[in-house]
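Input: a single structure, listed below in structure tokens.
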Amino acid sequence: MNPLKHVAFIMDGNGRWGLKNKNSRNLGHKQGLKTVEEIIKFSIKKKINYLTFFAFSSENWKRPKTEIDYLFKLLKNFLKTKINEFIKNDIKLKILGEKKFSKELNSLLNRAEKKTKNNCKIHINLAINYGSKIEITNAIKALNKKKIKINPHNLEKFLYTKGIPDPDILIRTGNTKRLSNFLLWQLSYSEIFFEKKLWPDFKTTDFNKIIVEYNNIKRNYGSITK
Ligand code: IPE
Ligand code: IPE
Ligand code: MG
């Protein structure tokens, strides 16, 4: 069995699910949040330490304003209603991405991170306004500015994921096989699973099947294993 510390998700397919089932992309996003909650509960039972969810990319600003507004309304609502549960259940929340939002959202995010910073049952990383290329570029800039030697070990200290183990598994739902600028550095040796189901249809049973498959993979990291 392979150790399993960290699973990352590209939660794709909300829009299509919403259009098909509710005639509204936005209602697909709302439904997608239920999958997030189920996956968190299941992962706590499975004793997985870290989950990372890709919620909004640095490229998603290209979407219509109505959809962007709805997504951020959902996020605010989630933070306001769930933060006490996170505190109570020993869940740590961390934001990956450029925190350049409205004053209200910035302070909600900062407050949620601060209030949960000593929690440790499970770490939930939420990637919002996240883009991997800018993350790596900024890390190189920071190394340069501080005159620190540029090497992989030092660069990792300036990524949003500093101190977080790399994902063992990446799951992308929504029947699309691409990374969409997500964790390009951190996924170097992750096991990648592309799932046909749309995110709101992705169930803990689907997740468990992937974990079973993962357990049977030989992870070589360049060497040869028997
Ligand atoms: C992913 O679902 C969630 C976000 C990008 C916010 P999409 O909204 O991309 O859903 P599809 O791919 O259009 O179905
Ligand atoms: C990736 O999904 C981003 C998130 C899941 C937040 P997209 O739907 O934005 O990806 P592309 O545009 O199809 O590559
Ligand atoms: Mg999509």
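The values are calculated or read from the model by the stated rules, or taken from the named source; none is laboratory data. These figures come from a predicted structure and were not determined experimentally. For neighbour counting, all protein chains shown are included, and Cβ atoms are generated from backbone atoms with ideal geometry for every residue, glycine included.
Going by what's in this entry, would I44 be described as aliphatic (A, V, I, L, M), touching a helix residue (DSSP H, G or I) at 6+ places or on another chain (Cβ under 7 Å) and assigned to a helix (DSSP H, G or I)?
So I44 fails the test.
Out of the residues in the range 176-220 that are aromatic (F, W, Y) and more than 27 Å from N138 (Cα to Cα), state the one that is surrounded by the fewest Cβ atoms within 10 Å (Cβ to Cβ). My answer is F194.
Condition check ((1) more than 22 Å from W17 (Cα to Cα); (2) of a type in the set (G, A, S); (3) at pLDDT 95 or above; (4) within 14 Å of ligand 2 (Cβ to nearest atom)) across all residues:
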| position | (1), (2), (3), (4) |
| --- | --- |
| T176 | no, no, yes, yes |
| S180 | no, yes, yes, yes |
| L187 | yes, no, yes, yes |
| I192 | yes, no, yes, no |
| L198 | no, no, yes, yes |
| F202 | no, no, yes, yes |
| F207 | no, no, yes, no |
| I210 | no, no, yes, no |
| E213 | yes, no, yes, no |
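Here N2 meets each of (1) among the polar types (S, T, N, Q); (2) over 21 Å from E113 (Cα atoms); (3) part of a helix (DSSP H, G or I) with one exception, condition (3). Regarding N129, is this residue within 30 Å of K41 (Cα to Cα), in a strand (DSSP E or B) and touching a residue at least 60 places away in the same chain (Cβ under 8 Å)? Answer is yes for this residue.
Checked against (1) more than 14 Å from ligand 3 (Cβ to nearest atom); (2) part of a strand (DSSP E or B), F56 passes all but condition (1). Contact map, the range 153-176: first residue on the phi > 0 side of the Ramachandran plot, second residue assigned to a strand (DSSP E or B), Cβ cut-off under 8 Å, separation 6 or more or different chains; pairs are G174/I10; N175/F194. Checking each residue in the range 174-209 for being within 18 Å of K41 (Cβ to Cβ) and either part of a helix (DSSP H, G or I) or within 16 Å of ligand 1 (Cβ to nearest atom) (or both) picks out W199, P200, D201, F202, T204, T205, D206, F207, N208, K209.
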